[in-house]
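A short write-up of the structure that comes next.
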Amino acid sequence: SQLSSPKAIAPQQLLTLSSDTHTSSRSLGGRRIAGMDRKVARIIEIEHHKRALAAEQLRLTAEIATDEYVATDLALALQLSPSNAEDYVDWATRVETFFPDVIDAMAAGIISERSAHAIVDPTRFYPEELAQRVVSATLATAAGRTPQQLRRSSLGRLQRADPALHFLKREEARRNRKVVIYDEEDSMATLACQQPAEIAQAMYTKIDRIAQQETKNGRTIDEVRADVMAGLILEDPKTAGLKPLIQVTVPITALLGVDERPGQLDAGQLIPAPVVRELMSHPGTVFHRLLTDKAGQLLEYSPEIYRPKADVDRFIRTRHRTCVMPCCSHPSRSCDIDHAVAWPEGKSTGTNLGPLDRKHHRYKHATKAKVTIADDGTTTLETRWGLTYTTKPEPVEEPPF
């Protein structure tokens, strides 16, 4: 097949793929699957058109937004609520005025409108010049990344570029923390607790640790976690005193007070340097050495700390914060560490191991997808239909610009 990932396909090529692949077929477990390449190519083509149309709609909306009544006109024409129409006009006007390159990227099929929101929305309360620089830098790396990854990248760049403002915003948000409850269908309700990221991660880690030790009795792990949380609040579990373990990556310069570069939780959220230093002052804190290149990519995990097997496992989960499957954000801490080339032909080394969540682990073996991992963790996946996708680990510390 001549197909490659959407990241590698130029917009003008998308229109010709379906005619090149109409006779192709693939097999799965001895069963022939006819025409799948053609259908996948058509799906990619449709997505390209959707992105281009969304870009045109944004530009046209910004052009007609000449007075305060345009939102009402659009609400009537598009069957939108007044608030939704106002939000859309504000969004179109802002992105066209301050971030036209974002609309260009949509028109070229590089990003979707959802990804555009992920890049631009975090900048709303930051200075205009900083926002434009961050959006430009994030947009340059947007191809092949999910909206969640792009939002985290944009927000991380902002927070690293202006750590003082990050700390002020974090403290303001912390003062507004709360517990809320709202009704769901089928006589259910959701109880949500807003906390600083490091506390929320510690809370979840504790719940998950207890849940993994519980007898399931026919329950899913999500059900067990929900029951454990209820038990902790109602003071039932005997294991309620267990202390959770969280991992924070922090520049040594920030730890020493030389600068205010933020630290990063293993789930990806940034926390201000003063908060990291306070966490690091707790008794029992363990330090491990991380080496990165200038772009923030992890090079090695200090080999003298763990036995080889544990060292490699920690290295893999630190380098890859999420499952290596394209567009998957499942945390690596709860993934399987899988051999790209099966054991014993493939060895248990950093160039042959990567985290896969259980669903994608099964997918890889069931469809006989081919996975290769480069020295820097770049992972290449070839699917049963001949599509090739490449993902790079998110930098441990991504520079703001």
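The values are calculated or read from the model by the stated rules, or taken from the named source; none is laboratory data. These figures come from a predicted structure and were not determined experimentally. Every residue, glycine as well, gets a Cβ built from its backbone with ideal geometry; the counts of neighbours run over all protein chains shown. For the accessible areas, the whole protein counts, side chains as well, though only heavy atoms, and no ligand, DNA or RNA atoms are used. Shrake-Rupley method; radii C 1.70, N 1.55, O 1.52, S 1.80 Å.
Working with all protein chains in place, sort Met188, Met325 by solvent-accessible area computed with a 1.4 Å probe, largest first. Before the final figure, lay out the partial values.
Values: Met188 125, Met325 20 Å².
Heavy-atom accessible area, descending, gives Met188, Met325.
Sorting Leu158, Leu80 by solvent-accessible area of protein heavy atoms yields Leu80, Leu158, largest first, with a 1.4 Å probe.
Both radii come from the Cα set of the range 121-266: Rg as radius of gyration, Rh as Kirkwood radius; their ratio Rg/Rh reads 1.05. Taking label points 7 Å from Cα along the Cα-to-Cβ direction, Phe125 and Ser281 give a separation of 2.6 nm. Amide H contacts under 5 Å for Lys347: none, restricted to partners 5 or more places along the chain or on a different chain, H placed in the peptide plane at 1.01 Å from N.
Please work out the average accessible area per residue across the range 126-242, using the 1.4 Å probe convention, and give it in Å².
Numbers: 7280 Å² over 117 residues.
On a per-residue basis, 62 Å².
R0 = 25 Å: FRET efficiency of Ser348 with Ala230, Cβ-based, nearest 0.05?
Details: r = 40 Å, r/R0 = 1.58.
It comes out at approximately 0.05.
Basic side chains Lys and Arg get +1 at the Cβ, acidic Asp and Glu get -1 at the Cβ, and with that the dipole of the range 49-95 about its Cα centre reaches some 340 debye.
For Arg175 and Glu56 in the same chain, what is the full-extension length gain: residue separation times 0.36 nm, less their Cα-Cα distance, in nm?
Numbers: separation 119, 0.36 × 119 = 42.84 nm, distance 4.11 nm.
Net length gain for the segment: 38.7 nm.
Relative to the present Cα-Cα distance, how much length would full extension add between Gln213 and Ala140 at 0.36 nm per residue of separation?
Values: separation 73, 0.36 × 73 = 26.28 nm, distance 4.42 nm.
21.9 nm is the gain from fully extending Gln213 to Ala140.
A Förster radius of 25 Å combined with the Cβ-Cβ distance from Asp376 to Ala164 puts the calculated FRET efficiency at roughly 0.15. Taken one residue at a time, the phi angles of the range 77-84 give Karplus couplings (6.51, -1.76, 1.60, θ = phi - 60°) of 6, 10, 6, 10, 5, x, 5, 5 Hz. Gly and Pro are set to x.
Stokes-Einstein diffusion coefficient for the range 153-207 at 20 °C in a medium of 1.002 mPa s, Rh from the Kirkwood formula over Cα pairs: what value in µm²/s?
Numbers: Rh = 13.5 Å.
For the chosen part, D equals 159 µm²/s.
Using a simple spin-label model with pseudo-atoms 7 Å out from Cα toward Cβ, Asp101 and Thr253 lie 2.4 nm apart.
On the basis of the beta-carbon distance and an R0 of 25 Å, Arg362 and Thr220 show a calculated FRET efficiency of 0.95.
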